[in-house]
1. Can you say whether residue 68 is at pLDDT below 95 and more than 12 Å from the ligand (Cβ to nearest atom), as far as the supplied structure shows?
2. What tally of residues in the stretch 235-266 results from selecting those that are open to solvent by less than 30 Å² (accessible area, probe 1.4 Å), of a type in the set (A, V, I, L, M, F, W, C) and outside any helix (DSSP H, G or I)?
3. Hey, among 100, 175, 170, which residue is surrounded by 16 or more Cβ atoms within 10 Å (Cβ to Cβ), on the phi < 0 side of the Ramachandran plot and more than 16 Å from the ligand (Cβ to nearest atom)?
4. Do we have residue 116 as surrounded by 17 or more Cβ atoms within 10 Å (Cβ to Cβ), more than 12 Å from the ligand (Cβ to nearest atom), aliphatic (A, V, I, L, M) and in a helix (DSSP H, G or I) here?
5. Pick from 94, 153: which is open to solvent by less than 20 Å² (accessible area, probe 1.4 Å) and farther than 18 Å from residue 23 by Cβ?
6. Out of the residues in the stretch 220-234 that are assigned to a helix (DSSP H, G or I) and surrounded by 15 or more Cβ atoms within 10 Å (Cβ to Cβ), state the one that is modelled with the highest pLDDT.
Amino acid sequence: MNLGEHPMSTLVTGAGGQLGRRVLTELRRRGLPAVGASRDGEVRLDWTDTASWKPALEGVESLFVTVPMAGGLSERAGAFLQQAAEAGVGTAVLTTAMGAEDGPPDSEQRVLESRVRDLFDRWTIVRPNWLDQDFTEGLFARLARSRNGRLELPLPKRAAVSFVDAADVAYTVVAALTRDEHHEREYTLTGPAPITFREVVKQTKGTESPVWRYKKLDEAGFYFRATNMGWSERYVDTLNERFRAIANGRAAVVTEDVRRALGRDPVPFAKFVREAVI
Ligand SMILES: NC(=O)c1ccc[n+]([C@@H]2O[C@H](COP(=O)([O-])OP(=O)(O)OC[C@H]3O[C@@H](n4cnc5c(N)ncnc54)[C@H](OP(=O)(O)O)[C@@H]3O)[C@@H](O)[C@H]2O)c1
């Protein structure tokens, strides 16, 4: 497909988030029309406020869809997708998370995935593993900042994850938004190798990373700490489920999907550390 055939714009949801921000930047770097949407975005879009949906969809030809985890928002987001398809949006790229396809059929993420498959002529599902940037911008950074640099999780130091660089995820999303060959595809994106939390802190120690020490907590201790930070019970339960998946080795799996999507290997964690936090 020729990019010139797309005069209308892409609506990027979650535009202030780790993924949405990068997708928006990359679309614009390529000179493609794109608009960032969130509660506080260039265009106001709130999954919980149906009145915000129609104005946000004006002039939109394709969508990047990202819905916060465990916020109880996916039913609303599904209704938004229905409205988008009825308004003529033809392309949707959805991010969920690695392993979403193994959840129960009525899980929030699986329901959203099947809505996207059913509603759009051109769709792609992108399921990233935990991001490298969780240590600089996301969950792990927030947790460590509240404990003077010590990341405390209900996982042993030797637990391993094939962390993926958010830029590789964003490039994959942009490829899917702009090239037919990615339609009707599902990509599980990982980094090139599993890395343990012990190795992570070895690499980030002495840098400006917010995370430079690690301690294992039990699940109840993590629960207490996280709810004390104001996080909802539902969110913390979902996190604990994802930590169990790490403990069971399921997040250490390495896929070929960055290579399938981008034709090159994923960025190694060590390169991310060198470039992002030194
Ligand atoms: N981080 C990871 O390791 C990881 C791994 C795998 C999958 N994922 C998935 O990838 C997606 C994006 O993750 P992320 O880390 O980029 O998220 P994030 O940084 O937490 O950003 C969330 C975005 O959603 C917007 N948002 C929150 N509530 C909203 C509402 N009611 N209506 C509209 N927008 C709302 C926020 O903007 P406003 O506050 O301005 O509304 C923000 O832009 C999520 O679905 C996550 O589950 C993340």
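1. no
2. 0
3. Answer to the selection: 175.
4. Values: surrounded by 17 or more Cβ atoms within 10 Å (Cβ to Cβ): yes; more than 12 Å from the ligand (Cβ to nearest atom): yes; aliphatic (A, V, I, L, M): yes; in a helix (DSSP H, G or I): yes.
When the stated conditions are applied, residue 116 passes them.
5. Details: 94 fails: farther than 18 Å from residue 23 by Cβ.
Going through 94, 153 in turn, just one is open to solvent by less than 20 Å² (accessible area, probe 1.4 Å) and farther than 18 Å from residue 23 by Cβ: 153.
6. Narrowing the stretch 220-234 to residues assigned to a helix (DSSP H, G or I): 220-228, 233-234.
Imposing the further condition that a residue be surrounded by 15 or more Cβ atoms within 10 Å (Cβ to Cβ) reduces the set to 222-223, 225-226.
On the way: 222: 95, 223: 92, 225: 90, 226: 92.
Among those residues, the one meeting the criterion is 222.
Condition check ((1) touching a residue at least 24 places away in the same chain (Cβ under 8 Å); (2) touching a Lys or Arg at 6+ places or on another chain (Cβ under 9 Å); (3) within 21 Å of residue 177 (Cβ to Cβ); (4) surrounded by 17 or more Cβ atoms within 10 Å (Cβ to Cβ)) across all residues:
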position: 29; (1), (2), (3), (4): no, no, yes, no
position: 33; (1), (2), (3), (4): yes, no, yes, no
position: 40; (1), (2), (3), (4): yes, no, no, no
position: 45; (1), (2), (3), (4): yes, yes, yes, yes
position: 49; (1), (2), (3), (4): no, yes, no, no
position: 54; (1), (2), (3), (4): yes, no, no, no
position: 59; (1), (2), (3), (4): yes, no, yes, no
position: 67; (1), (2), (3), (4): yes, yes, yes, yes
position: 71; (1), (2), (3), (4): yes, yes, no, no
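The values are calculated or read from the model by the stated rules, or taken from the named source; none is laboratory data. All values derive from a computational prediction rather than experimental measurement. Glycine gets a Cβ as well: all are built from the backbone with ideal geometry, and neighbour counts include every protein chain shown. Side chains are part of the model used for accessible areas, which takes the heavy atoms of the whole protein and leaves out ligands, DNA and RNA. Shrake-Rupley method; radii C 1.70, N 1.55, O 1.52, S 1.80 Å.
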